[in-house]
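Colleague: Can you read through this structure? Questions will come right after.
The values are calculated or read from the model by the stated rules, or taken from the named source; none is laboratory data. This is a predicted model, so every value here is computed, not measured. A quick note on method: Cβ atoms are made from the backbone with ideal geometry, for glycine too, and the neighbour counts reach across all protein chains shown.
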Amino acid sequence: MPVHPTLKGVLEHRPKSAAVQIAVNSRGMAWTESGFNTSFRTFKLALEKDEAIGKGLTLHGLRHTLGTRLREAGADDRTIADILGQKSTAMARHYSESARLPDQARELLMNLDPTKAKNKG
């Protein structure tokens, strides 16, 4: 499976673990929800202190950002849904609705009716 170079570097430094999860804690154990949230908060506060990010960053907001960036890069709804782990392309459109698109592309997407059956004939 192709892996982005940044992710590949992170995975190479992953603690040794028998866990099936990719992201594990420093002891090689699967994250608990509270453990992950605590670590994310610590990481986020350090980035805020360094002024690398503004206040208010959330994991949910990161999902919107990724969906938006994928749409701006030309990804289709199915690809965005797959990357975000969504079952429906409607959710992909939701997470990418704030993408900055050329006017023609935006108009085309806004008028798209995915429920309309193709004409036979």
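Colleague: Considering only residues that are surrounded by fewer than 10 Cβ atoms within 10 Å (Cβ to Cβ) and touching a Pro at 6+ places or on another chain (Cβ under 9 Å), which ones fall in the stretch 12-26?
Modeller: Correct list: 26 only.
Colleague: Anything in the stretch 15-48 that is without any contact (Cβ under 8 Å) to a residue 12 or more places away in the chain and more than 28 Å from residue 95 (Cα to Cα)? List them, or say none.
Modeller: The answer is 18, 19, 26.
Colleague: I need the full set of residues from the stretch 1-24 which are more than 18 Å from the chain's Cα centre (by Cα) and within 23 Å of residue 61 (Cβ to Cβ), in order please.
Modeller: Within the stretch 1-24, none qualify.
Colleague: Do you know which residues across the stretch 1-55 are assigned to a loop (DSSP other than H, G, I, E, B), out of contact with any helix residue (DSSP H, G or I) (no Cβ under 7 Å at 6 or more places or on another chain) and of a type in the set (D, E, K, R)?
Modeller: 14, 16, 27, 50, 51
Colleague: Yes or no: residue 39 surrounded by 12 or more Cβ atoms within 10 Å (Cβ to Cβ) and among the small types (Gly, Ala, Ser)?
Modeller: Against the criterion (surrounded by 12 or more Cβ atoms within 10 Å (Cβ to Cβ) and among the small types (Gly, Ala, Ser)), residue 39 qualifies.
Colleague: Then there's this: Hey, can you tell me all the residues within the stretch 56-82 that are within 22 Å of residue 102 (Cβ to Cβ), in contact with a helix residue (DSSP H, G or I) (Cβ under 8 Å, 6 or more places away or on another chain) and part of a helix (DSSP H, G or I)?
Modeller: Within the stretch 56-82, 64, 66, 67, 68, 70, 71, 77, 78, 79, 80 meet the criteria.
Colleague: From 100, 78, 63, which residue is farther than 27 Å from residue 39 by Cβ and surrounded by 12 or more Cβ atoms within 10 Å (Cβ to Cβ)?
Modeller: Checking each option against the conditions leaves just 78.
Colleague: Kindly evaluate residue 49 against the criterion of being modelled with pLDDT under 90, more than 30 Å from residue 112 (Cα to Cα), of a type in the set (D, E, K, R) and exposed (fewer than 11 other Cβ atoms within 10 Å of the Cβ).
Modeller: Considered against the rule, which asks whether it is modelled with pLDDT under 90, more than 30 Å from residue 112 (Cα to Cα), of a type in the set (D, E, K, R) and exposed (fewer than 11 other Cβ atoms within 10 Å of the Cβ), residue 49 comes out as no.
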